[in-house]
Amino acid sequence: MSELRSILRAAAERLAGSGIASPSADACLLLEHAWGKTGEQLRRAALMGDVLPDEVATRYEALVDERAARVPLQHLTGRAHFRHLELRVGPGVFVPRPETELIVDLGLAHAPHGGVLVDLCTGAAPIPLAVKQERPDLSVHAIELSEHAYAWAAANRDRLALDVEIVNGPAQHAFPDLLGQVDVVLSNPPYIPVGMVPIDPEVRDHDPEIALYGGSHDGLRIPLEVADRAFDLLRPGGVLIMEHAETQGDSLPGALSRRGWVETRDEADLTGRPRFAMARRPA
Ligand SMILES: C[S@@+](CC[C@H](N)C(=O)[O-])C[C@H]1O[C@@H](n2cnc3c(N)ncnc32)[C@H](O)[C@@H]1O
C-alpha cells in the first residue's frame with residue numbers, strides 16, 4: 001500500500017519531465033482510470049490520506065510509463081470528452097479536440113427547426129452525435145472514409161443510442177440521396193500541409209495519417225474537394241462551416257469565394273485564432 005498524494009506528485013513530475021503540457025491533470029485522470037474512481041472520489045481519497053492498493057499502483061505505473069512515452073491520454077483511458085458526450089476512442093481514429101466543439105455552436109445557429117445537417121469526415125463522430133444530442137429535431141447524417149474510424153463512429157452512435165446516419169465512404173461522393181436538400185454542412189477534414197509534420201508525438205505518431213494531411217502542399221486539396229461536395233449537397237442558401245489550420249484563415253475562404261460560394265468569411269476560435277471558414281451556397 002502506498003500513499004496517494006506522493007504517488008500523484010511523483011507521476012506528475014515524471015510526466016512534466018517528458019514534456020506533457022498538463023502533467024497534474026493527466027496524472028489524476030490516469031489514476032482515476034487505473035482505480036476505477038471518479039475525480040470527486042479521487043479528491044476525497046487524497047484528502048482523507050488514503051493509500052493506493054498495490055495492484056492499482058502497479059497498473060498506474062504502467063499507464064504513467066506509456067503516457068511518459070507520449071501515448072495519447074485518450075488512448076490510455078479509451079475516452080474523449082466532447083461537449084456533453086463521452087466518446088470511446090483508440091488507435092485508428094482521430095482524437096476529437098476541444099477546439100472543434102465550437103463548430104457545433106456555429107452549425108446549430110444556422111440549422112432551422114427540423115432541418116437537415118451533414119458532417120463530412122466524421123472520425124469518431126463527435127460532431128454529428130453532439131448535434132443530435134443537443135438538437136434532436138434535426139436529421140443528422142455523417143460520412144467517414146477510414147474503415148477503422150468508421151467502426152469507432154458506429155460504435156459510439158450505438159452506445160449513445162443517438163439516431164444519426166453514419167456511412168463508410170469518401171466525402172467527395174457523400175449522400176447522393178440528399179443532393180440540394182441539406183441546410184448545414186459541417187466538416188473538420190484533414191488539412192495539414194503535406195510535408196509539415198506535427199511536433200507533438202501524440203499527433204505525429206498516433207493520429208492516423210489519413211486524418212491529418214490535406215493532400216497538397218497548402219493542405220487544401222481534400223478540404224476543397226469536400227467543400228465542392230458540400231456545395232452540391234446544400235440547398236440554395238445553405239451554409240458550410242469548415243475547420244482549418246490557423247495558417248489557412250485567408251487561403252480557404254478565398255478559395256471558396258473563387259469556387260462560387262458567397263458571404264464567405266472566417267470565424268476565430270475562443271483564443272482568437274482563425275479556425276473556421278463559413279460560406280453560403282448562393283440562393
Ligand atoms: C481531422 S479528422 C476529424 C475527425 C472528426 N471530424 C473530429 O473532429 O474529431 C479528419 C477525418 O476525415 C477522415 N477522412 C479523410 N479523408 C476523407 C475522405 N475523403 N472522406 C471522408 N472522410 C475522410 C479521416 O479518416 C479522419 O477521420
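Structure values in brief
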item: Candidate residues R258, R159: accessible-area rank, largest first, probe 1.4 Å; result: R258, R159
item: Per-residue ³J(HN,Hα) for the range 54-59, Karplus 6.51 cos²θ - 1.76 cosθ + 1.60, θ = phi - 60°, Hz, x for Gly and Pro; result: 4, 5, 5, 4, 5, 4
item: 11 Å beta-carbon shell around V64, net charge (K/R +1, D/E -1); result: -2
item: Computed FRET value (nearest 0.05) for H81 with A151, which takes r as the C-beta separation and R₀ as 22 Å; result: 0.60
item: Rounded to 5, percent antiparallel among DSSP beta bridges of the chain; result: 45 percent
item: Under 13 Å, Cβ to Cβ, from I210 - net charge with Lys/Arg +1 and Asp/Glu -1; result: -4
item: Residue-level accessible surface for D54, protein heavy atoms, 1.4 Å, Å²; result: 90 Å²
item: Kirkwood Rh, angstrom, the range 2-69 [1 / mean 1/r, Cα pairs]; result: 11.7 Å
item: Table column - 3J(HN,Hα) (Hz), the range 24-34, Karplus curve with 6.51, -1.76, 1.60, x for Gly and Pro; result: 5, 4, 5, 4, 5, 5, 5, 6, 3, 5, 5
item: Normalised contact order of the range 83-280, rounded percent, pairs of Cα under 8 Å and 6 or more residues apart; result: 20 percent
item: From phi via Karplus (6.51, -1.76, 1.60), per-residue ³J(HN,Hα) for the range 185-191 in Hz, x at Gly/Pro; result: 10, 10, 7, 10, x, x, 9
item: C-alpha center-to-center spacing [the range 9-24, the range 157-218] in angstrom; result: 32 Å
item: Helix-only CD estimate at 222 nm, as mean residue ellipticity for the chain, using -39500 (n - 2.57) per DSSP H run (n ≥ 4); result: -12500 deg cm²/dmol
item: Length gained when the stretch N168-L108 is fully extended (0.36 nm per residue, less Cα-Cα span); result: 19.2 nm
item: Three-way shape label, the range 83-280, alpha-carbon gyration tensor, a/c 1.5; result: rounded
item: Heavy-atom accessible surface of the chain: percent carbon and sulfur, 1.4 Å; result: 54 percent
item: Neighbour net charge for L178 - beta-carbon separation under 13 angstrom, K R +1, D E -1; result: -3
item: Dipole magnitude (debye, nearest 20) for the chain, charges at Cβ of Lys, Arg, Asp, Glu; result: 280 debye
item: Rounded accessible area per residue of the chain, 1.4 Å, Å²; result: 46 Å²
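The values are calculated or read from the model by the stated rules, or taken from the named source; none is laboratory data. Given the structure is predicted, the values throughout are model-derived calculations rather than measurements. We place every Cβ from the backbone using ideal geometry, glycine too, and count neighbours over all the protein chains shown. Surface accessibility is based on the protein's heavy atoms, side chains included, excluding ligands, DNA and RNA. Shrake-Rupley method; radii C 1.70, N 1.55, O 1.52, S 1.80 Å.
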